[in-house]
Amino acid sequence: MLSIKVPPLGESIVEATVSRWLKKEGDVVAAGDTLVELDTDKITVEVPALKPGVLAKRAKSEGDVVHVDDVLGELDESAVPATAGAKQAGSAASAAAPAPTPAAASTGAGGRAASTTQRASSAPPSQSETTKSSPAARKIADERGIDIAAVAGTGRGGVVSKPDVLAQPPRGNGATPGERETREKMSTRRKRIAENLLQSQHATAHLTTFNEVDMSAINALREKYKEKVEKEHGVKLTFMPFFVRAACAALKQFPMVNAQIDGDAIVYKHYVNMGIAVAADQGLVVPNIKDADRKGTIDLSREIAEVAKRARDGKLTMDDLTGGTFTITNGGVFGSLISTPIINYPQVGILGLHKTQDRPVAINGEVKIRPMMYIALSYDHRIVDGQQAVLFLVRVKELIEDPAAMLIE
């Protein structure tokens, strides 16, 4: 028997939660097949089969907390049917061939393999396996405890899509008739998010300053070029890359906001790894764009879209999540008008963006209706003075209201 163990989880991560098993006991697997997924506070880790065989035992259940090198299950290497070997070798002809019957397996691979193959192949498929659904929909259904067979599909041909599943109440906190309260175990990621936010509040001298930005110029620029950019570069031109560039320019002018405290020393970062807060289904994550200060608007647009997709799909790597120096969070996509974002510790500053809303403003003695956005900078007052914080936010405002100025930054 080959033990299936929890692999190294990444820098400073010592535990994870068994999110879901993708294979059942008795299933035939090929080398490289994902057996189980583990959720950490930062990423989802896929544990593959190192060799072909049959999953003999699942030692841990979904929801269990595990540590590095814990045994998750056992793989029987000796019970390898011919189909598994063919799959491992990558033979297209064998992969396309029908699965052997129990009788054929007993004559070709030995009695033990035959009985295992029979058990795996004769088990009737569950309703969730026969329901037409997307992989993302199945993953979310498993995470939320939803019976996907009971979900009505709105996709083409009745396929159940991710939005269909998200519209259903989770089994863990969906009350049944007569229940006034329900209880759901907090996930490892949610616990770590809570701990990190509390650490930020307790370990920093947290303060927030506000300003407002006239979005007219950026709106006009985006309307002028968004179709051209999407056609020629294959990316959607959003507002975020403009704010990233403006923040990078302001950080260059006020480097204290991009620094960190290390004991009794201040560490200045002469680069910007820009964190972008993403509200994924599993919880808030902050992947970062490396060396964002050296990249143009198109490259930033592409990288922001890619990292946000990886976050939503649970495909972030440790490199995505480490090394950030400053963060931007955009509550405006959910309709937030104003908020006080919490610093992504050990960083010392975070820029909060909000909903753009038409408001009357005084311009040259006249009242005009303009698309306005409140922006907020939360900062660690231990090393960032109020003057620096206010001037940083003013600089961001100036660059967004006059985006041509970013060309000479």
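The values are calculated or read from the model by the stated rules, or taken from the named source; none is laboratory data. Note that this is a predicted model, so its numbers are computed, not measured. Note: ideal-geometry Cβ built from the backbone for every residue, glycine included; neighbour counts use all protein chains shown. Just the protein is used for accessible areas: all its heavy atoms, side chains included, with ligands, DNA and RNA removed. Shrake-Rupley method; radii C 1.70, N 1.55, O 1.52, S 1.80 Å.
Give me a count of the residues in the range 168-220 that are more than 26 Å from G283 (Cα to Cα) and modelled with pLDDT of 90 or more. The total comes to 12.
Filtering the range 375-383 for residues that are modelled with pLDDT under 95, of a type in the set (G, A, S) and over 19 Å from the mean Cα position of the chain (by Cα) leaves an empty set. Being small (G, A, S) and modelled with pLDDT under 90 holds for only one residue in G63, G26, G53, and it is G63.
On the stretch given as the range 208-227, residues that are touching a residue at least 24 places away in the same chain (Cβ under 8 Å) and either open to solvent by 50 Å² or more (accessible area, probe 1.4 Å) or among the hydroxyl-bearing types (S, T, Y) (or both) total 6.
When C248 is tested against (1) closer than 27 Å to T208 by Cα; (2) open to solvent by 20 Å² or more (accessible area, probe 1.4 Å), only condition (2) is not met. Scanning the range 301-311 for residues that are closer than 16 Å to M274 by Cβ and not hydrophobic (A, V, I, L, M, F, W, C), we see that the one that is surrounded by the fewest Cβ atoms within 10 Å (Cβ to Cβ) is E306. Can you spot a residue in the range 68-76 that is among the acidic types (D, E) and modelled with pLDDT under 85? Within the range 68-76, not a single residue is among the acidic types (D, E) and modelled with pLDDT under 85.
For the range 265-380, which strands (runs of 3 or more DSSP E) that fit wholly inside it have 1 or more residues that are closer than 27 Å to D41 by Cα?
Here the list reads 265-267, 274-276, 278-280, 283-285, 326-330, 349-353, 366-380.
The residues of the range 184-237 that are in a loop (DSSP other than H, G, I, E, B), more than 22 Å from I304 (Cα to Cα) and among the hydrophobic types (A, V, I, L, M, F, W, C), listed by number, are M186, A205.
So, of the residues in the range 193-207 that are of a type in the set (G, A, S) and over 24 Å from the mean Cα position of the chain (by Cα), which turns out to be surrounded by the most Cβ atoms within 10 Å (Cβ to Cβ)? Among those that are of a type in the set (G, A, S) and over 24 Å from the mean Cα position of the chain (by Cα), it is A203. For S3, state whether it is modelled with pLDDT of 85 or more and either under 20 Å from L321 (Cα atoms) or surrounded by fewer than 18 Cβ atoms within 10 Å (Cβ to Cβ) (or both). Answer is yes for this residue. Which one of G324, G314 is surrounded by 20 or more Cβ atoms within 10 Å (Cβ to Cβ), on the phi > 0 side of the Ramachandran plot, in contact (Cβ under 8 Å) with a residue 24 or more places away in the chain and within 22 Å of the chain's Cα centre (by Cα)? Every option except G314 fails the conditions. Taking the condition under 23 Å from D320 (Cβ atoms) and either touching a strand residue (DSSP E or B) at 6+ places or on another chain (Cβ under 6 Å) or open to solvent by 60 Å² or more (accessible area, probe 1.4 Å) (or both), does G263 pass? No.
In summary, V257 fulfils each of the numbered conditions (1) under 19 Å from S200 (Cβ atoms); (2) at pLDDT 95 or above; (3) open to solvent by 70 Å² or more (accessible area, probe 1.4 Å) with the single exception of condition (3). For the range 353-387, a residue qualifies if it is small (G, A, S), farther than 27 Å from G263 by Cα and surrounded by 14 or more Cβ atoms within 10 Å (Cβ to Cβ), and exactly one does: A376.
Kindly indicate whether any position in the range 8-18 is crowded, with 19+ Cβ neighbours inside 10 Å, of a type in the set (S, T, N, Q) and modelled with pLDDT of 85 or more. Yes, some residue in the range 8-18 is crowded, with 19+ Cβ neighbours inside 10 Å, of a type in the set (S, T, N, Q) and modelled with pLDDT of 85 or more.
Scan the range 388-409 and tell me whether some residue there is modelled with pLDDT of 95 or more, surrounded by 16 or more Cβ atoms within 10 Å (Cβ to Cβ) and not in a helix (DSSP H, G or I). Checked against the condition, which is being modelled with pLDDT of 95 or more, surrounded by 16 or more Cβ atoms within 10 Å (Cβ to Cβ) and not in a helix (DSSP H, G or I), the range 388-409 yields no hits at all.
For the range 19-46, the candidate set comprises residues that are under 21 Å from I193 (Cα atoms) and of a type in the set (A, V, I, L, M); within that set, the residue that is surrounded by the fewest Cβ atoms within 10 Å (Cβ to Cβ) is V45.
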